[in-house]
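Participant: A single structure is presented below for examination.
The values are calculated or read from the model by the stated rules, or taken from the named source; none is laboratory data. Because the structure is predicted, anything quoted here is derived from the model rather than measured. When we count neighbours, we look across all protein chains shown, and the Cβ atoms used for this are built from the backbone with ideal geometry, even at glycine. What goes into the accessible areas is simple: the full protein's heavy atoms, side chains included, and nothing from ligands, DNA or RNA. Shrake-Rupley method; radii C 1.70, N 1.55, O 1.52, S 1.80 Å.
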Amino acid sequence: MIHIDRTGFEPDIEWINKADSLTLQLINAVDIATRNQIIDDNQAIWGELKDFLLSISNEKCWYSEAKDKYNHLHVDHFRPKKIALGLDKKDKGGYWWLAFTWTNYRVCGGAGNVRKRDKFAVRSNKSNDPNTPIEDELVYFLDPCEEEDVLKITFNPKGEVTPIKTTGWDFERADYTIKSLNLNFKKLKEARQDIWIKVSTIVSETQNLMDLNNTNPSALRRGQIKEKLKQLKDFVQPSAEFSATVKACLVSMGLPWASKIAA
């Protein structure tokens, strides 16, 4: 998971106007059944934004950074539309008024979205209507759109995503997110493990070349080092799959120069 910065991005005005009109219909609906029918009849609207949302994340899942290892990519409602299941698996009330609000959308791989479904545990200050600010909620899910949240998980050589903390609220949130989104899905772990092995191998090769060049300088060797550094820098680009895993690998090598590439 890396931070998804939506600054400067917004759907076209035609879509915004259509979404606003539907939201107004939801607010004015006479009962829950009517409200739910409006949502069901207009499910295509968030699918219309899929390409737009993918353009923000360089075609990657916002939670896993995978492009195709996490199955078909879906448009996920971060806060679920009709039902929001708490830790006790009981419905605490969905966020129907956000059904057509694009900032509530995230791109999620199918393996994660199917597992997530209606899960959305809130520790306190649960919002249940448009007049109660969602900003006051203490939610369990880590949000890729929140820069601080992505700092609460890390990766290991086995390709597993793990919480940074071992206790406390940060651990609870990270653990809930990893399990609820199936972020240790088998194909994901295998792909992250493969990239970890590849990157750690390049780092070791680079360090060996640096050591040799320190004792026996060579223009050829210097060029080889430059090429390997370029490879590593390419792996941490926001457009690269599993760039957060690569950064964790670089830091784990214990080499200052590798950590600088990860920074």
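Participant: Filter the stretch 28-57 down to the residues that are over 29 Å from SER243 (Cβ atoms), open to solvent by less than 90 Å² (accessible area, probe 1.4 Å) and of a type outside the set (Ser, Thr, Tyr) and list them by number.
Facilitator: ALA29, ASP31, ALA33, ARG35, ASN36, ILE38, ILE39, ASP40, ASN42, ALA44, ILE45
Participant: For the stretch 32-55, what are the residues that are in contact with a strand residue (DSSP E or B) (Cβ under 8 Å, 6 or more places away or on another chain) and in a helix (DSSP H, G or I)?
Facilitator: The answer is TRP46, GLY47, LYS50, LEU53, LEU54.
Participant: In the stretch 4-31, which residues are assigned to a helix (DSSP H, G or I) and of a type outside the set (Val, Ile, Thr)?
Facilitator: Across the stretch 4-31, the qualifying residues are GLU14, TRP15, ASN17, LYS18, ALA19, ASP20, SER21, LEU22, LEU24, GLN25, LEU26, ASN28.
Participant: While we're here: Return yes when THR132 is outside any loop (DSSP other than H, G, I, E, B), open to solvent by 40 Å² or more (accessible area, probe 1.4 Å) and among the hydroxyl-bearing types (Ser, Thr, Tyr) and no when it is not.
Facilitator: no
Participant: OK, next. Any residue at all in the stretch 102-118 that's charged (D, E, K, R), open to solvent by less than 20 Å² (accessible area, probe 1.4 Å) and part of a loop (DSSP other than H, G, I, E, B)?
Facilitator: No.
Participant: Consider the stretch 86-100. How many of its residues are outside any helix (DSSP H, G or I) and crowded, with 20+ Cβ neighbours inside 10 Å?
Facilitator: The number of residues fulfilling the criteria is 4.
Participant: Please identify the pairs in which a residue from the stretch 197-216 that is farther than 12 Å from LEU229 by Cβ has its Cβ atom under 9 Å from the Cβ atom of a residue that is polar (S, T, N, Q) and outside any helix (DSSP H, G or I), counting only partners at least 6 apart or on another chain.
Facilitator: Between residues of the stretch 197-216 that are farther than 12 Å from LEU229 by Cβ and residues that are polar (S, T, N, Q) and outside any helix (DSSP H, G or I), the close pairs are LEU212/SER218.
Participant: May I ask you to verify whether LEU232 is of a type in the set (A, V, I, L, M, F, W, C), modelled with pLDDT of 95 or more and either more than 20 Å from the chain's Cα centre (by Cα) or open to solvent by less than 60 Å² (accessible area, probe 1.4 Å) (or both)?
Facilitator: yes
Participant: Could you tell me which residue of the stretch 158-183 is farthest from VAL139 (Cα to Cα), considering only residues that are open to solvent by less than 40 Å² (accessible area, probe 1.4 Å) and assigned to a loop (DSSP other than H, G, I, E, B)?
Facilitator: Result: GLY159.
Participant: Find the residue count for the stretch 66-85, including only residues that are open to solvent by 60 Å² or more (accessible area, probe 1.4 Å) and at pLDDT 85 or above.
Facilitator: Matching residues across the stretch 66-85 total 3.
Participant: Would you call LYS189 open to solvent by 90 Å² or more (accessible area, probe 1.4 Å), touching a Lys or Arg at 6+ places or on another chain (Cβ under 8 Å), farther than 21 Å from ARG106 by Cα and among the charged types (D, E, K, R)?
Facilitator: So LYS189 fails the test.
Participant: Could you list all residues from the stretch 135-151 that are among the hydrophobic types (A, V, I, L, M, F, W, C), closer than 18 Å to SER64 by Cβ and not in a helix (DSSP H, G or I)?
Facilitator: Within the stretch 135-151, PHE141, LEU142, CYS145 meet the criteria.
Participant: Among the candidates VAL251, VAL246, single out the residue that is open to solvent by 40 Å² or more (accessible area, probe 1.4 Å), hydrophobic (A, V, I, L, M, F, W, C) and closer than 17 Å to ILE164 by Cα.
Facilitator: VAL251 is the lone residue from the list that is open to solvent by 40 Å² or more (accessible area, probe 1.4 Å), hydrophobic (A, V, I, L, M, F, W, C) and closer than 17 Å to ILE164 by Cα.
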